[in-house]
Amino acid sequence: MTRHVVATVDQIPPGARMLVTVDGREIGIFNVGGEFFGIGNRCPHNGASLCRGRSVGLVEASEPGSYQLSRRGELVRCPWHGWEFDLRTGKSWCEPDRTRVRSYDLKVEPGSVFTEGPLRAETFPVSIEKHYVVLDV
């Protein structure tokens with residue numbers, strides 16, 4: 001598995017998204033309330049860019065006329081035909097057993113992680129002030 005630093009945390013504020021290309025794949029990185037999710041950018045239904053879709057929540061009804069909104073911003077709606085995909089799993093809400101987009105594991109790691117290693121060389125004082133969003137492919 002190869003690790004790729006795709007952004008700093010402050011480049012993708014809560015509610016925002018960023019489209020990155022890693023190993024020839026377009027991947028949408030979404031920040032939902034400080035939690036980061038990555039999904040393939042291409043809708044499996046007809047190929048639309050999911051990063052251009054609207055982030056929505058889950059609408060649930062216990063009975064007709066009584067509904068609640070939960071999981072705000074955790075679903076993305078395809079801009080062409082409205083298919084919704086779960087950012088956590090990549091599963092489609094239209095056909096969850098058959099249709100999905102690839103989801104990617106993301107981690108937020110301090111910049112100091114990238115300066116440590118088994119080999120040693122002459123060093124100089126450095127300060128690391130940012131945290132990075134890291135994608136494992």
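Quick notes on this structure:
- Short-range pairs are left out: with C-alpha atoms under 8 Å and at least six residues apart, the relative contact order of the stretch 44-110 is 24 percent.
- Under Karplus coefficients 6.51, -1.76 and 1.60, residue-wise ³J(HN,Hα) of the stretch 52-64 in Hz, glycine/proline x: 8, x, 8, 7, 9, x, 9, 9, 10, 10, 8, 7, x
- Here the convex hull built on the C-alpha positions of the stretch 1-112 has a volume of 119 cubic angstrom per residue.
- Residues whose amide H falls under 5 Å from that of W80, counting only those 5 or more places apart or on a different chain, are absent, with hydrogens built in the peptide plane.
- Under a 5 Å amide H cut-off, with hydrogens placed 1.01 Å from N, V22 pairs with I27 among residues at least 5 apart or on other chains.
- Under-5 Å amide H pairs with A48, H placed in peptide plane, nonlocal only: C43
No lab work stands behind these numbers, since they all come straight from the coordinates. Just so we're clear, the structure is a prediction, and the values are computed from it rather than from any experiment.
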